[in-house]
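Below: one structure, written as structure tokens.
The values are calculated or read from the model by the stated rules, or taken from the named source; none is laboratory data. Being a predicted model, the structure only gives us computed values, none of them experimental. Reconstructed Cβ throughout: ideal geometry from the backbone, glycine too, with neighbour counts over all protein chains shown. Ligands, DNA and RNA are excluded from the accessible area calculation, which covers all protein heavy atoms including side chains. Shrake-Rupley method; radii C 1.70, N 1.55, O 1.52, S 1.80 Å.
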Amino acid sequence: MPAFPKGEEIAQIELHSLHLRDGLHISTALLSDAEKARAAAFRSRDAARLFIAGRLLCRSIIGNMIGCAPQALTISLTPHGRPYLPDHTDIDFNLSHTKNRVALAVCRGGRVGIDIEQPDRISETEVLEIMPLILCERELDDIQRQPPEQRHRTFLSYWVRKEAVLKCRGRGFLDDPRGIALEPADTTENMSNRAFDAANFIRFGSCRSENAPNFLWAVAASQMLSEPVWQQHPDVGSLIGDCLKLK
Ligand SMILES: CC(C)(COP(=O)(O)OP(=O)(O)OC[C@H]1O[C@@H](n2cnc3c(N)ncnc32)[C@H](O)[C@@H]1OP(=O)(O)O)[C@@H](O)C(=O)NCCC(=O)NCCS
């Protein structure tokens with residue numbers, strides 16, 4: 001994987017994801033003491049696995065990018081729980097997980113937020129309950145105009161983009177998602193570069209694979225030095241495989 005050239009006045013965003021296949025052993029060996037303590041405190045084994053995998057993913061990818069060992073990276077948390085790199089303020093990153101998938105966005109020259117969702121994790125009934133809490137009036141009208149069979153997916157496309165923006169800002173759902181108004185046309189997959197409030201760039205798409213569950217993803221970026229150059233990488237299991245297997 002090519003490292004970002006340091007000092008260039010070009011904003012760059014890398015996207016990585018990892019599918020946690022059944023039976024994959026994930027070790028905490030490369031995590032900090034605070035991360036190990038947090039991993040041990042999860043009541044759900046699946047939630048602990050996702051947390052550990054996320055930290056392994058960002059430590060491996062960012063460590064490789066800046067030329068330091070994964071375990072040497074210091075990751076701090078803002079008061080709202082957003083992880084960041086206090087020693088590398090030119091690099092921002094964000095993580096998201098759903099079921100057995102972890103995704104990472106790493107950004108040089110700006111701020112980034114990412115969200116992934118697995119469409120079949122949210123039922124039609126749940127969508128109807130959540131929708132008025134997430135969408136503004138115009139977006140609700142847009143959904144009502146859709147054929148019923150498309151509404152679930154259209155709602156999720158709004159959801160992932162809004163959550164990516166909220167995570168980019170750093171306060172998550174402490175901010176009201178209804179305050180972020182997306183254009184109906186922004187539901188087009190793989191759109192990018194729409195001028196947009198505090199998030200200047202949004203990318204959105206879906207991943208389908210025969211061996212892993214499908215998922216929707218969105219990445220929002222703000223405070224960019226320039227229009228970002230995007231790099232989307234395939235599943236990085238092979239790159240960080242050694243870290244995952246460490247006992
Ligand atoms: C941020 C938030 C949207 C994440 O929701 P989620 O359903 O867990 O969604 P995702 O899987 O997409 O994201 C989780 C990851 O987002 C990152 N994250 C956590 N807080 C964040 C924040 N305030 N802003 C941006 N990213 C954040 C973390 O990397 C986290 O994964 P990790 O804990 O395994 O490292 C949600 O927790 C929220 O709205 N939080 C509000 C802030 C808050 O309540 N903080 C309390 C802790 S101090």
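Figures for the structure shown
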quantity: Scan of region 64-97 for residues that are under 23 Å from Arg171 (Cβ atoms) and assigned to a loop (DSSP other than H, G, I, E, B), ordered by number; calculated: Thr74, Ile75, Thr78, Pro79, His80, Gly81, Arg82, Leu85, Pro86, His88, Thr89, Asp90
quantity: Criterion violated by Ser17 - all others in (1) assigned to a helix (DSSP H, G or I); (2) within 21 Å of Cys207 (Cβ to Cβ) satisfied; calculated: (1)
quantity: Of all residues making up region 45-55, the number that are in contact with a helix residue (DSSP H, G or I) (Cβ under 9 Å, 6 or more places away or on another chain) and away from the ligand (no atom under 11 Å from the Cβ); calculated: 0
quantity: Test result for Ala72, at pLDDT 95 or above and open to solvent by 30 Å² or more (accessible area, probe 1.4 Å); calculated: yes
quantity: Members of region 109-129 found to be assigned to a helix (DSSP H, G or I) and either touching a residue at least 24 places away in the same chain (Cβ under 8 Å) or among the hydroxyl-bearing types (Ser, Thr, Tyr) (or both), listed by number; calculated: Pro119, Asp120, Glu124, Thr125, Val127
quantity: Test set (1) crowded, with 17+ Cβ neighbours inside 10 Å; (2) out of contact with any Lys or Arg (no Cβ under 9 Å at 6 or more places or on another chain) - Ala11 fails condition number; calculated: (2)
quantity: Any hit, region 134-144, residues being within 30 Å of His233 (Cβ to Cβ), surrounded by fewer than 22 Cβ atoms within 10 Å (Cβ to Cβ) and within 16 Å of the ligand (Cβ to nearest atom); calculated: yes
quantity: Looking only at region 56-79, and only at residues there that are in contact (Cβ under 8 Å) with a residue 60 or more places away in the chain and within 12 Å of the ligand (Cβ to nearest atom), the one that is farthest from Leu24 (Cα to Cα); calculated: Thr78
quantity: Options Arg171, Arg178; residue that is in contact with a Cys (Cβ under 8 Å, 6 or more places away or on another chain), open to solvent by 50 Å² or more (accessible area, probe 1.4 Å) and modelled with pLDDT of 70 or more; calculated: Arg178
quantity: Members of region 161-184 that are more than 9 Å from the ligand (Cβ to nearest atom), under 18 Å from Val112 (Cα atoms) and of a type in the set (A, V, I, L, M); calculated: Val165, Ile180, Leu182
quantity: Test: residue in region 80-93 that is acidic (Asp, Glu) and near the ligand (Cβ under 9 Å from one of its atoms); calculated: no
